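**Q** This is the structure I want to talk about, given as structure tokens.
The values are calculated or read from the model by the stated rules, or taken from the named source; none is laboratory data. Note that the structure is a prediction, hence the values are computed from the model and not measured. Cβ placement follows ideal geometry from the backbone for every residue including glycine, while neighbour counts extend to all protein chains displayed.
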Amino acid sequence: MDLGNYIKGQTGIFTPLSPILVVVYNGIDNPIYKTGENDKGQGLKELAQKGDASILAEYLKKVQGVKQVYVLPAAGSTVLLPKIAGQSGGKVSQQLNVTPGDKIAIATMYGFSNDWFFATKGSGIDATQKGDISSSIALYDNGTALNQFPGAGITQFNLAGTPLTESKPIQEVPNPNAFTTLPAISNIIKVNLQ
């Protein structure tokens, strides 16, 4: 039991995050996703399964109401590595030009998953607010690949696997879920507006 408690205290969720997709928009619903709907084939599947935001970014640049689109890779490695063993975690930043009424939506892949992604909840975030907005982020299942234990599924793309296809509506990942209990989202990803 002592060994088990020690190991439990030394282990936990380890996942990199893909380059962060940031979208500034106005007068429209969150252009990245909508819970309860299936993936629309506009690039979210590639972000959620492979961490590739480029297809979705190119699509969003053509959507009426979208003002700015950014894909923010971490310097030197592109992926944002977690904060572990005293090492600082990955960081990205971007100066945004916003006006009252603008909203911000972000998305990034939960790296060691089949098709989970972090994103702003609901209709996005008021772009003019300031401070820590991490509580506005949730973890979603894109519904395009069969789920497996995070970081251990043999069909996870980032573990050199080929995701097994499924077709389900996008939904928030429950916590605890069928595989694990995740820490609070704000302990995995931090988002600040200055």
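**Q** List pairs: first residue in the stretch 28-42 and free of Cβ contacts under 8 Å to residues at least 60 places away in the same chain and at negative phi, second residue in a loop (DSSP other than H, G, I, E, B) and of a type in the set (S, T, N, Q) anywhere in the structure, Cβ distance under 9 angstrom, at least six positions apart or on different chains.
**A** As it stands, the answer is 28/64, since those pairs meet every condition given.
**Q** Name the single residue, out of those in the stretch 112-146 being free of Cβ contacts under 8 Å to residues at least 60 places away in the same chain and among the small types (Gly, Ala, Ser), that is nearest to residue 65 (Cα to Cα).
**A** For the stretch 112-146, the residue satisfying everything is 136.
**Q** Shifting gears a bit: Return the residues of the stretch 1-11 that are in a helix (DSSP H, G or I) and not aliphatic (A, V, I, L, M); say none if nothing qualifies. Spell out how you get there, then give the answer.
**A** Narrowing the stretch 1-11 to residues in a helix (DSSP H, G or I): 2-10.
Across the stretch 1-11, the qualifying residues are 2, 4, 5, 6, 8, 9, 10.
**Q** Could you pull out the residue among 70, 6, 59 that is free of Cβ contacts under 8 Å to residues at least 60 places away in the same chain, under 26 Å from residue 181 (Cβ atoms) and among the aromatic types (Phe, Trp, Tyr)?
**A** Numbers: 70 fails: under 26 Å from residue 181 (Cβ atoms); 59 fails: under 26 Å from residue 181 (Cβ atoms).
Exactly one residue qualifies, and that residue is 6.
**Q** Name the one entry in 65, 43, 90, 101 that is at pLDDT below 95 and small (Gly, Ala, Ser). Can you show your working first?
**A** Values: 65 fails: at pLDDT below 95; 43 fails: at pLDDT below 95; 101 fails: at pLDDT below 95.
Of the residues listed, the single one that is at pLDDT below 95 and small (Gly, Ala, Ser) is 90.
**Q** Then there's this: For residue 143, which of the numbered conditions (1) crowded, with 16+ Cβ neighbours inside 10 Å; (2) at negative phi; (3) assigned to a loop (DSSP other than H, G, I, E, B) fails to hold?
**A** (2)
**Q** For the stretch 119-140, which residues satisfy the criterion of being charged (D, E, K, R) and part of a strand (DSSP E or B)? Break it down stepwise before answering.
**A** Kept after step one, since they are charged (D, E, K, R), are these residues of the stretch 119-140: 121, 126, 130, 132.
Once the filter is applied, which keeps residues that are charged (D, E, K, R) and part of a strand (DSSP E or B), the stretch 119-140 yields 126, 132.
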